[in-house]
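One structure below.
The values are calculated or read from the model by the stated rules, or taken from the named source; none is laboratory data. None of these values were measured; they are calculated from a predicted model. Cβ placement follows ideal geometry from the backbone for every residue including glycine, while neighbour counts extend to all protein chains displayed. The accessibility values were calculated without ligands, DNA or RNA, using every heavy atom of the protein model including side chains. Shrake-Rupley method; radii C 1.70, N 1.55, O 1.52, S 1.80 Å.
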Amino acid sequence: MAIRIIGTGSSLPRQVMTNDDLAEVVDTSDEWISSRTGIKERHLAKEETTATMSAEAARKALMDARIGAEEVDLLIAATITGDYITPSTACEVQALLGAGKAVAFDINAACSGFMFALHTAYAYLQTGIYKTALIVGAETLSKIMDWTDRSTCVLFGDGAGAAVVRACEEGEGSGLLAFEQGSDGSRGKVLACEGRQNGNPLAGRPFVPSYVHMDGQEVYKFAVTTVPASIRRVLEEAGMTEADIKYFVLHQANIRIIQSVAKRLKAEEEKFPVSLDHCGNVSAASVPILLDEMNRKGLLEKGDKIVMSGFGGGLTWASAVVEW
Ligand code: ACO
C-alpha cells in the first residue's frame, strides 16, 4: 500500500500588507524586517476566516486530485486560530464542502501542525481504516497578534493550504516514505499564546485578551539545531542522503533559519524554496501553501524525492520524506 499526496490547494486573503504599510502601524522599517527575516509582505484577513480560507484551499486540492468531497473519509485541520473553540475548523470545513462521509477533527501543533496531520492521516490510511484523507493547515494569526508589539506582529501572516492524501496501489508510486516527529513541552513557553482565563465564581479572573509572545533567540536556536537533526534522522530511515532530495520544503519562519538549516545539512540553498517573502510566517499553513505553489509551478515531477519539515510552538517538530 502506498500513501500518496494526490492534490494540493491554497488560499490567501485578498488584502496584502507590505513592510512599508506596517511601518505606518508600529515603529519598524522594511530594512529591519527584510534583513532579519526575508519577509517583504504578508496577506491579512479582512472578511476571510480560518474556515473560509480552509474550504477554498480544500476545494482546490480536491479539484487538483480530481475527486469529489463525498469521497473524503477523513478531514483533519491543523490550526491554532480556529474561528470557534467548538465546532472544530475541520467540522466547519466539512459542512462548507458537503463532505458528509468524513470524520473531522483538528490538531493543535502550531507550525508543525500540517506535518502532524499528515502523519496522523498516514497512520489511518496505512492501517486501512480509511482510504482518502483531506488535510488542511490554516491560520488567521493576525487575530492573536499584539499590533503594538513590533517584535512579533511583523513576522506573521494569514492563509490556508490543503492536500488530498490517498491509499493507492504500489504501482502508482511510493508516496510517503518515512516520518520523524517529536515534542518538547518543557520548552513550550518560549513561543506561547495563553487561552482564556478562568472567570468562574471561585477563580473570578477578569477576561484579558492574550497575544503571541516569543523569545525569538531561543526559538532560533531550537530551529537551527532540531530541524537538521530531524531531517537527518528521517533521511536515514528512508535510506537516503541529502543528495537524493530535490527540494526541502520547510516551515517558513525566517530566511535565516532556512539558510542555516541548508548550511548544516551541506545542501544547496536552491533546494529550499521560499514563500515567506510574500506570505510571512503562516504557522500550520506555511508548508502546504509552499507545496501548492511548487505543484502549480510544475516544479514537482513524478518520482521526485522531497523532504517536508515543520517546527514551532509546543515545542514540536516533524519531518517526512515523500516520493512525488
Ligand atoms: N523593527 C525594528 N526594530 C525591532 C523590531 C522591528 N520589527 N523588532 C525588534 N526590534 C528591535 C528590538 O527592540 C531590539 O532593539 P534594542 O536593541 O534597542 O533593544 C533590536 O531590534 C533587537 O531585537 P531582538 O529581538 O534581539 O532581534 P533579533 O536580532 O533577535 O531578531 C528575530 C528578532 C528576527 C525574531 C530573531 O530572533 C529570529 O530570527 N528568531 C527566530 C524565531 C522566529 O523567526 N520566530 C518566528 C515564529 S516561530 C516559528 O515559526 C517556529
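A few comments on the model shown:
This table checks each residue for (1) open to solvent by 20 Å² or more (accessible area, probe 1.4 Å); (2) out of contact with any Phe, Trp or Tyr (no Cβ under 6 Å at 6 or more places or on another chain); (3) over 16 Å from Met115 (Cβ atoms).
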| residue | (1), (2), (3) |
| --- | --- |
| Phe207 | yes, yes, yes |
| Tyr211 | yes, yes, yes |
| Gly216 | yes, yes, yes |
| Arg233 | yes, yes, no |
| Tyr247 | yes, yes, no |
| Arg264 | yes, yes, yes |
| Glu269 | yes, yes, yes |
| Val287 | no, no, no |
| Glu323 | yes, yes, yes |
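- Subset of the range 26-70 [open to solvent by 60 Å² or more (accessible area, probe 1.4 Å), more than 23 Å from Arg296 (Cα to Cα) and not basic (Lys, Arg)]: Asp27, Glu31, Trp32, Glu47, Glu70
- All positions within the range 29-62 that are aliphatic (A, V, I, L, M) and within 14 Å of the ligand (Cβ to nearest atom): Ile33, Ile39
- Residue match in the range 280-293 (condition: under 27 Å from Ser35 (Cβ atoms), more than 13 Å from the chain's Cα centre (by Cα) and not acidic (Asp, Glu)): no
- Failed criterion for Ala123 (all others in (1) surrounded by fewer than 19 Cβ atoms within 10 Å (Cβ to Cβ); (2) modelled with pLDDT of 95 or more; (3) in contact with a strand residue (DSSP E or B) (Cβ under 6 Å, 6 or more places away or on another chain) hold): (3)
- Whichever residue in the range 1-28 is under 21 Å from Leu118 (Cβ atoms) and either over 21 Å from the mean Cα position of the chain (by Cα) or within 14 Å of the ligand (Cβ to nearest atom) (or both) and, among such residues, is modelled with the highest pLDDT: Ala2
- Look at the range 251-273: where a residue is of a type in the set (Ser, Thr, Tyr) and a partner is open to solvent by 30 Å² or more (accessible area, probe 1.4 Å), sitting 6+ places away or on another chain with Cβ atoms under 9 Å, you get Ser260/Tyr220.
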